[in-house]
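Take a look at the structure set out below.
The values are calculated or read from the model by the stated rules, or taken from the named source; none is laboratory data. Computed from a prediction, not measured in an experiment: that's the story for all the values here. Note that each Cβ is placed from the backbone with ideal geometry, even for glycine, and that neighbours are counted across all protein chains shown.
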Amino acid sequence: MDSTHNKRLNVSAGIASIAVALILVAAKGWAWAETGALTVAASLIDSALDLVVSMANFGAILYAAKPADEDHRFGHHSIEDIAALAQALMVAAAGVMLGWRGIERLFAPEPLASESAGIAVMTLSILLTGALVWWQRRVALQTGSKVVAADSLHYLTDLLPAVGGIVALAASALFGVVQLDSAISLVAAVVLLRGAWQIGGGAFAALMDRAAPDEVEHKIAAIVAGFPEIEGFHDLKTRVSGARTFVQLHIELDGAQTLFDAHAVGARLRLSILEAVPGSEVLVHKDPSGDGGTQR
């Protein structure tokens, strides 16, 4: 799939994210004012953070799509990891704040009001967020964008506070139980912190030039093994930056063959790796066999 199409998909996901966040911030702000429910406030905090992060992510998507230039020879893909790491820190801060408020409210319960209005808004939130997550997951699978994937995970964690809000409001309206609001907010805080760890861990690893997953390197090795002209390979190195995987390796060839023939083998190998690892950039060095390294 070409980069232009991927950019359009990522941009569509970014615009959808901002639009949904705007709607939900307005709706949940009204619902919180009407109900006073902590679970609604938790969901409102999530959506407010979503709006800020989604706007930042949209800028990151556009920046990451810029072609390589004199100052960034490998492209601008690392901005996706920086945006994802910033998002993880914001999610973690929201989780800590929500957990602290939940503990306070658990020992000093406060009555809720206008539960039916809050339930209606939370239901709207679940429907809109579910549709957005579905689209973001489709886009992330096709384009490999870490920003879209991180945004999707963030919005997915919003579903729990929304469902919890409905349960807490229903318990208050039907049975007069208000402590459930605090208990569910504590669960939501744990989910937020777990999501922040997942998002931040992946982004930090990429910024530290961590190698691609083992299965990717095993796949590349298997491809090399399928070329009878290649007598061995060594110095296979990979790293991930944003949605891109950078691959370089040395292959060992018969030194008596022509440069043209050696180049043809390297070109076919590069094409095979590009097809097997979408969104990759591949550099193949050609060495005469016996130059050292791992023999097949």
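Table: residues versus (1) at pLDDT 85 or above; (2) crowded, with 20+ Cβ neighbours inside 10 Å; (3) assigned to a helix (DSSP H, G or I).
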| position | (1), (2), (3) |
| --- | --- |
| 198 | no, no, yes |
| 217 | yes, no, yes |
| 220 | yes, yes, yes |
| 234 | yes, no, no |
Residues being modelled with pLDDT under 75 and not small (Gly, Ala, Ser) - total across region 160-181: 9
Can you tell me how many residues within region 118-159 are modelled with pLDDT under 85, surrounded by 17 or more Cβ atoms within 10 Å (Cβ to Cβ) and part of a helix (DSSP H, G or I)? 21
Condition met for residue 28 (in the same structural domain as residue 201 (by TED's automatic domain parsing), among the charged types (D, E, K, R), at pLDDT 70 or above and crowded, with 19+ Cβ neighbours inside 10 Å): yes
Residue pairs, Cβ under 7 Å, 6 or more apart or interchain, first in region 159-174 and β-branched (Val, Ile, Thr), second buried (at least 22 other Cβ atoms within 10 Å of the Cβ) and modelled with pLDDT under 75. List them. 167/184
Pairs, first outside the structural domain of residue 45 (by TED's automatic domain parsing) in region 125-140, second modelled with pLDDT under 90 and loosely packed, with under 15 Cβ neighbours inside 10 Å, C-beta under 9 Å, six or more apart: none
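For every residue, the table says whether it meets (1) modelled with pLDDT under 75; (2) more than 30 Å from residue 175 (Cα to Cα); (3) of a type in the set (Lys, Arg); (4) not in a helix (DSSP H, G or I).
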position	(1), (2), (3), (4)
1	yes, yes, no, yes
8	no, yes, yes, no
15	no, yes, no, no
24	no, no, no, no
32	no, no, no, no
47	no, no, no, no
67	yes, yes, no, yes
95	no, no, no, no
111	yes, no, no, yes
Near pairs, Cβ below 7 angstrom, 6+ apart or cross-chain, from region 267-283 (assigned by TED's automatic domain parsing to the domain that holds residue 227) to any residue that is hydroxyl-bearing (Ser, Thr, Tyr) and surrounded by 13 or more Cβ atoms within 10 Å (Cβ to Cβ): 273/280; 274/280; 277/245; 279/245; 280/245
